[in-house]
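To start, the structure itself, in structure tokens.
Taken together, the values in this text are just the output of simple stated rules run on the coordinates, not laboratory data. Only a predicted model underlies this, so the values are computations on that prediction, with no experimental measurement involved. Virtual Cβ from ideal backbone geometry, glycine too; neighbours counted across all protein chains shown.
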Amino acid sequence: MKSTMMVAELSINDIFARAARLFPQSEVVSLLPDKSLRRQDYAQITVRARALAHALRALGVEKGDRVATLCWNHHAHLECYFGIPLAGAVMHTLNLRLSPAEIGWIAGHAQDKVLVVDNVLLPLYRQVSQHHGFRHVIVFPFGEAQLGEAQLGENVLDYERLIAPHLGRDFTPVPHDENDPIALCYTSGTTGRPKGVAYSHRSTVLHSLVGALPENWGLKGSDKVFAVTPMFHANCWGVPYGALMCGASLVFPGQHLHAEDLLDLMVREQPTLALGVPTIWLSLLQAMEASPGRWSLPPGMRSLVGGAAVPESLIRAFAAKGVTIVQGWGMTETSPLASTSYIKPEFQNAGEDEIFRRKALAGVPVTLVDLRIVGDAGELPWDGKSVGEVQVRGPFVSGTYHEVEPDPDKHTADGWLRTGDVGSVDAAGYLRITDRTKDLIKSGGEWISSVDLENALMAHPAIAEAAVIAVPHEKWTERPVACVVFKKGHEATPEMLNRHLAASFARWQLPDRYEVLEAIPRTSTGKFWKLRLREMFPA
């Protein structure tokens, strides 16, 4: 017997066409460099994306060519998300927080031919251009005086002037297979050179469908999504694709990521869903505590937080303000959503402490993602106690890297991605991340979780931020050192902090010392930069 179903390939071009036809009035709001707001609707965005596709083809961009972006979060970057694949090209989002040499190396490895860059990032582009040359550079001017090509070189073009002749023209998408790439994103490269992950039409559509489920993003057409997560970080977690799929409105903060600016924009636009890394939400909480009554968060707002472990204390603090935090876990290689910390039906009536405890876990594997825990002797049981490496596989999980030889340290012989995270899964299917393999502390032959120590420290009323690292020790091999940032007007002695930790940790697990900092250094994606901390405190 054969199936009677039609064979239809998956394509984000179909999501784009559907958004143009069904949701023309959905809004896209961008905070510009001068802090003015630009409001557009899907009708305008889709017209401009088609014009961009026409312009790229006119420049000689062919199927499979890489078109890079060096942009903040705004409407033109959204146009690139769809206009570049319409033209058959591959959008490569460059991480603007990396060094110019690193950006140049990545652009060279990806063989980027065209660059779309923000006017405000031209100084960075000039430095990057010393390491990689682009055939064409398209500058988005944010409504400023139009740029003359002579200002930077004959290969530099003005975005608005480039697309203007094509506005209002229909565009037939370049023919493609559902497994053709549409976007390229490089990993952070914390353990070597960054590696390219190429997302396909198929993987992106499936990721969008799974992400939009109620247990995950819970997206619907009436939502207004505040996209704080950088659009160069795992495609803004894939949410822009999901938003157009559902017709949800989008709010982009541009380059304005200070807590006060974000809170002002939240109050003004009243989003129903916001997304960002934990350090963003910690900064929002600190700002609200420093200025009581200045801001009121949108009632009932949901927040998707990921990129690093979310402390239970942070989840509780925002719950008290009427905001529900859903923790997501994943990585660039998983598109990035792999699990979410929603509350399964059997725990809906559990006590408050149990519910918050589960919200602070990495969560349940999402639909279509398989997960296993592997130790030295093989796969481990889901008993909540057995700890090993977290491995995943699925249709939106990367099975290899762009132009890189297969690496057994990243992919197993039987087809699983080795995430580099260490954790356990309980009988109900909840994943608990213990640490990154490179961040685990091995003291006297026993493992200490830096994540657990950090979460416990950030529950102390005096501490705003905490990061725990391992330092070499002559007798015990390694010992934990805690780097902490105190809340304004607060302080605590090491003895006080260790007494606080002693309720949950054995004496030998407590930090040997505390380093007080004004701020924890952060990586390009906003995570605590432990490599830098280890350099600062080598012993």
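Taking amide H positions as placed in the peptide plane 1.01 Å from N, state which residues far from Ala89 in sequence (5 or more) or on other chains have amide H under 5 Å from it.
Sorted by chain and number, the residues that satisfy this are Gly64.
Skipping prolines and chain starts, which residues have an amide H placed within reach, meaning under 5 Å, of the one on Ile325, given they are 5 or more residues away or on another chain?
Residues meeting the criterion, in which the H sits 1.01 Å from N, are Ser303.
Compute the whole-percent fraction of alpha carbon pairs in the chain spaced more than 42 Å apart.
Here the long-distance tail beyond 42 Å is 19 percent of all Cα pairs in the chain.
Show me, for region 314-328, the HN-Hα J-couplings you get by feeding each phi into the Karplus relation (A = 6.51, B = -1.76, C = 1.60, θ = phi - 60°), rounded to Hz, glycine and proline as x.
Coupling constants for region 314-328: 5, 4, 5, 4, 6, 4, 5, 9, x, 10, 9, 9, 10, 8, x Hz.
What number comes out for the charge environment of Leu78, summing +1 per Lys or Arg and -1 per Asp or Glu over other residues with Cβ under 15 Å away?
Cβ neighbours under 15 Å give a net charge of +1.
Sequence-distant or interchain residues sharing an amide H contact under 5 Å with His473, placed H: which?
Close amide H contacts, sequence-distant or interchain: Glu478, Arg479.
Among bridges DSSP assigns within the chain, what percent are antiparallel (round to 5)?
Given both bridge residues lie in the chain, the antiparallel proportion sits at roughly 55 percent.
Taking only Cα atoms, what is the 0 to 90° angle, nearest 10, from helix 42-58's long axis to the longest principal axis of the chain?
Result, in degrees: 70.
What are the ³J(HN,Hα) values, in whole Hz, obtained from phi via the Karplus relation 6.51 cos²θ - 1.76 cosθ + 1.60 with θ = phi - 60°, for each residue of region 348-354 in sequence order, with x given for Gly and Pro?
3J(HN,Hα) across region 348-354, in whole Hz: 4, 9, 5, x, 4, 4, 5.
Considering lysine pairs in region 355-500 that are 8 or more places apart or on different chains, how many have Cα atoms under 19 Å apart?
Counting lysine pairs in region 355-500 gives 4.
What list of ³J(HN,Hα) values in whole Hz, one per residue of region 23-34 in order, does the Karplus curve 6.51 cos²θ - 1.76 cosθ + 1.60 (θ = phi - 60°) give from phi, with Gly and Pro shown as x?
Computed from phi, the couplings for region 23-34 are 10, x, 8, 4, 9, 10, 10, 10, 8, 7, x, 7 Hz.
Considering only the other residues whose Cβ falls under 13 Å of the Cβ of Ser26, what net charge follows from Lys and Arg at +1 and Asp and Glu at -1? If you can, show how the numbers build up before the last one.
On the way: positive: Arg18, Arg21, Arg39, Lys220, Lys224; negative: Glu27, Asp41, Asp223.
Summing Lys/Arg as +1 and Asp/Glu as -1 gives +2.
Pairs of Cα atoms under 8 Å, at least six residues apart: use those to get the relative contact order of region 256-436, whole percent. List each step's numbers first, then the result.
Numbers: 331 pairs, mean separation 27.7, N = 181.
Answer for region 256-436 is 15 percent.
Run the numbers on the chain and let me know its relative contact order in percent, using alpha-carbon pairs under 8 Å that are six or more apart.
In percent, rounded to a whole number, it is 10.
Counting pairs of alpha carbon atoms under 8 Å apart in space and at least six apart in sequence, what relative contact order in percent does region 166-289 give?
It rounds to 21 percent for region 166-289.
Using a cut-off of 22 Å between alpha-carbon atoms, which lysines can reach Lys35, once sequence neighbours fewer than 8 places away in the same chain are excluded?
Result set, ordered by chain and number: Lys224.
Distance between the C-alpha centers of region 396-432 and region 265-307? Whole Å please.
Cα centres, region 396-432 to region 265-307: 32 Å.
What are the principal axis extents of the Cα atoms in region 424-501, in Å, biggest first?
In descending order, the Cα extents are 41, 39, 20 Å.
Which one of Ala506, Ile448, Ala519 is farthest out on the positive end of the charge dipole of region 441-536, using unit charges on Cβ (Lys, Arg +1; Asp, Glu -1) and the Cα centre as origin?
The residue sitting farthest along the positive end of the dipole is Ala519.
Using a 7 Å offset from Cα along Cα-Cβ at Val471, what residues in region 520-534 end up with backbone N under 13 Å from the label point?
Answer for this model: 533-534.
Angle, helix 278-290 long axis vs. longest principal axis of the chain, Cα atoms, 0 to 90°, nearest 10?
70 degrees
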